[in-house]
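The values are calculated or read from the model by the stated rules, or taken from the named source; none is laboratory data. Bear in mind the structure is a predicted one, so any value in this text is a computation, not a measurement. In this analysis, Cβ positions are derived from the backbone assuming ideal geometry, glycine residues included, and neighbour counts consider all displayed protein chains.
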Amino acid sequence: MSAQDQQPASLYAAREPIFPRRVSGRFRTLKWWIMAVTLGIYYITPWIRWDRGPHLPDQAVLVDMAGRRFFFFWIEIWPHEFYFVAGLLIMAGLGLFLFTSALGRVWCGYACPQTVWTDLFILVERWVEGDRNARVRLWNQGWDLRKLRLRLVKWALWLLIALATGGAWVFYFTDAPTLARDILTLSAHPVVWITIAILTLTTFFFGGFFREQICIYACPWPRIQAAMMDEDTLTVAYRDWRGEPRGKLKSTAPRGDCIDCRACVNVCPMGIDIRDGQQLACITCALCIDACDEVMDKVGQPRGLIGYLALSDEVAEKAGRPPRPVWKHVLRPRTMLYTVLWAGIGIGLIVALFVRSDIGVSVSPVRNPTFVTLSDGSIRNTYDVRIRNQQGEDRVFTLSYSADAPFVMTLEGEEGHETVVPADSQKLQRLYITAPAGTPAATMAMTDLRIWVTAPDGAGRVHADTLFNGKSE
Ligand code: SF4
Ligand code: SF4
């Protein structure tokens, strides 16, 4: 046996080009609507205006990297409130678990950006080069002027969409109209150009050329999803007990309802045959359901040869029993547990949002030295107080203390006990607390001390606890 014969067979398989055919039907219509809504939200959101006062862009949704804050309409998230973002991410994860356990890969099939943009790119491709048969012919023919023209028009349109996608993304990070002006006058920051270039190229190649390969090879989600689905999950399936043995319409041999027209295969954006059973590559976009329903209507057979179906229903239907109602598949302990967890976190975040204060304070004692003995024998401690003003206007805050001992409080650079904190910012205010000579706090090692910060007109009050260091004998 030669060394070459002993080589393991190559696992590489060249990509088979896919030319999805146009299809119409209820799921296709639903997908068009979802595409319009999701793309609309993505492109329009940065342009929604929202009054944020004189110091910030009047933008409803803004990721302020410089100020390390996130603005979402009336909600403003500061870095110390990252638990809101963490909570939203957990909710998104639980939402995916919920939908996957109830309806399989519904996220992949309808709302995933890869699906939405690929769908849009296929729409453009079909518009420029024609439907499936014309595209197959074009693919197989040699290069000529017409093919070059069609390809260039298609790539140019894809590039425009990709550019708009990358362009829209950067608008979320700064004032959109200002940035648009900077882009048009070629005066935008290099980071803007680099971000647009990266997103343009990834959108262009992912939506135009890689398409289903991203879903099959690059995305980890299909592998994880299998663990969330069970025999009650509704997913797209072929009723083989009804369709088999398949056979051509004109065939005189005994056959099932499937006329082997391959319409379901030809519309599939993943290029698979659902009649082979559930497959990892199936994104449950349901276009094969529309295609097959169309065929069943034409041949006068009941719809539903391909449909949303649970494994448990397959068993029942094969045995001649009716499938369980949809709500019984959706409402079951697993999905209810996900819903309860999802809603619990959501309610927790809403409550946290309403009870949170728009003032913040933290106190750091200056420990070098821990105290200073003044000429009259009194003991002074120094503190760095960080006051956060989360409102869109400058505010005058009053500082005070509470303790079981008498103290004298002074603010560095201020006459009294008030300090101005600019809008939407944090101020570092140095504070001195002095214990008169001979008082308990001056002679004890440590005394509990609470620093209070009060908003103007008493519209909020927060505190931070610390210690006063005395000169113990
Ligand atoms: S088999 Fe059907 S549901 Fe699955 S990806 Fe293809 S068209 Fe979509
Ligand atoms: S579209 Fe329906 S009838 Fe045609 S091949 Fe697919 S399952 Fe069979």
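Looking only at region 296-315, which residues are in contact with a Cys (Cβ under 9 Å, 6 or more places away or on another chain) and crowded, with 21+ Cβ neighbours inside 10 Å?
Scanning region 296-315 gives Leu305, Ile306.
Can you work out which of the residues in region 423-439 that are surrounded by 13 or more Cβ atoms within 10 Å (Cβ to Cβ) and not in a strand (DSSP E or B) is modelled with the lowest pLDDT?
Among residues in region 423-439 that are surrounded by 13 or more Cβ atoms within 10 Å (Cβ to Cβ) and not in a strand (DSSP E or B), the one modelled with the lowest pLDDT is Asp424.
Lys318 - would you say it is within 15 Å of ligand 2 (Cβ to nearest atom), exposed (fewer than 13 other Cβ atoms within 10 Å of the Cβ) and not acidic (Asp, Glu)?
no
Quickly run through region 210-243 and pick out the residues that are at pLDDT 95 or above and either away from ligand 2 (no atom under 16 Å from the Cβ) or assigned to a helix (DSSP H, G or I) (or both).
none
Mind listing whichever residues of region 270-298 are at negative phi, more than 6 Å from ligand 1 (Cβ to nearest atom), in contact (Cβ under 8 Å) with a residue 40 or more places away in the chain and part of a loop (DSSP other than H, G, I, E, B)?
Listed by number, the residues that qualify are Gln278, Leu280, Ala281.
Out of curiosity, is Pro369 loosely packed, with under 13 Cβ neighbours inside 10 Å, over 30 Å from Leu399 (Cα atoms) and not polar (S, T, N, Q)?
When the stated conditions are applied, Pro369 does not pass them.
Of everything in region 219-268, what is within 16 Å of ligand 1 (Cβ to nearest atom) and closer than 18 Å to Leu96 by Cα? Give them in sequence order.
Cys219, Trp221, Pro222, Gln225, Ala226, Met229, Thr233, Leu234, Thr235, Val236
Could you check Ser400 against (1) small (Gly, Ala, Ser); (2) touching a helix residue (DSSP H, G or I) at 6+ places or on another chain (Cβ under 9 Å); (3) not in a loop (DSSP other than H, G, I, E, B) and say which number it fails?
It fails just one condition, (2).
Using the structure shown, decide if Gly167 is at pLDDT below 95, out of contact with any Ser or Thr (no Cβ under 7 Å at 6 or more places or on another chain) and assigned by TED's automatic domain parsing to the domain that holds Phe72.
Answer is yes for this residue.
Tell me, yes or no, whether region 410-423 has at least one residue that is more than 17 Å from Val363 (Cβ to Cβ), in contact (Cβ under 8 Å) with a residue 40 or more places away in the chain and out of contact with any Ser or Thr (no Cβ under 9 Å at 6 or more places or on another chain).
Yes, region 410-423 contains at least one residue that is more than 17 Å from Val363 (Cβ to Cβ), in contact (Cβ under 8 Å) with a residue 40 or more places away in the chain and out of contact with any Ser or Thr (no Cβ under 9 Å at 6 or more places or on another chain).
Determine whether region 282-293 contains at least one residue that is modelled with pLDDT of 90 or more, farther than 25 Å from Phe209 by Cβ and touching an Asp or Glu at 6+ places or on another chain (Cβ under 8 Å).
no
Against the condition surrounded by 15 or more Cβ atoms within 10 Å (Cβ to Cβ) and in contact with a Pro (Cβ under 6 Å, 6 or more places away or on another chain), how does Pro20 come out, does it pass?
Here the answer is yes, as Pro20 does meet what is asked.
List pairs: first in region 134-159 and touching a residue at least 12 places away in the same chain (Cβ under 8 Å) and not assigned by TED's automatic domain parsing to the domain that holds Phe204, second among the hydrophobic types (A, V, I, L, M, F, W, C) and surrounded by fewer than 11 Cβ atoms within 10 Å (Cβ to Cβ), Cβ under 8 Å, 6+ apart or cross-chain?
Sorted first by the residue in region 134-159, then by its partner, the list stays empty.
Going through region 299-313 one residue at a time, which ones are near ligand 2 (Cβ under 10 Å from one of its atoms) and in a helix (DSSP H, G or I)?
Listed by number, the list holds a single entry, Val299.
Any residue in region 284-292 that is more than 13 Å from ligand 2 (Cβ to nearest atom) and of a type in the set (S, T, N, Q)?
Yes, the conditions are met somewhere in region 284-292.
Step by step: first the residues of region 244-283, then only those that are among the acidic types (Asp, Glu) and under 26 Å from Trp221 (Cβ atoms), then the one that is farthest from ligand 2 (Cβ to nearest atom). Which residue is that?
Ranking the qualifying residues of region 244-283, first place goes to Asp276.
Considering each of Arg386, Arg395 in turn, give the residue that is in contact (Cβ under 8 Å) with a residue 24 or more places away in the chain, out of contact with any Lys or Arg (no Cβ under 9 Å at 6 or more places or on another chain) and in the same structural domain as Ala442 (by TED's automatic domain parsing).
Of Arg386, Arg395, the one residue that is in contact (Cβ under 8 Å) with a residue 24 or more places away in the chain, out of contact with any Lys or Arg (no Cβ under 9 Å at 6 or more places or on another chain) and in the same structural domain as Ala442 (by TED's automatic domain parsing) is Arg395.
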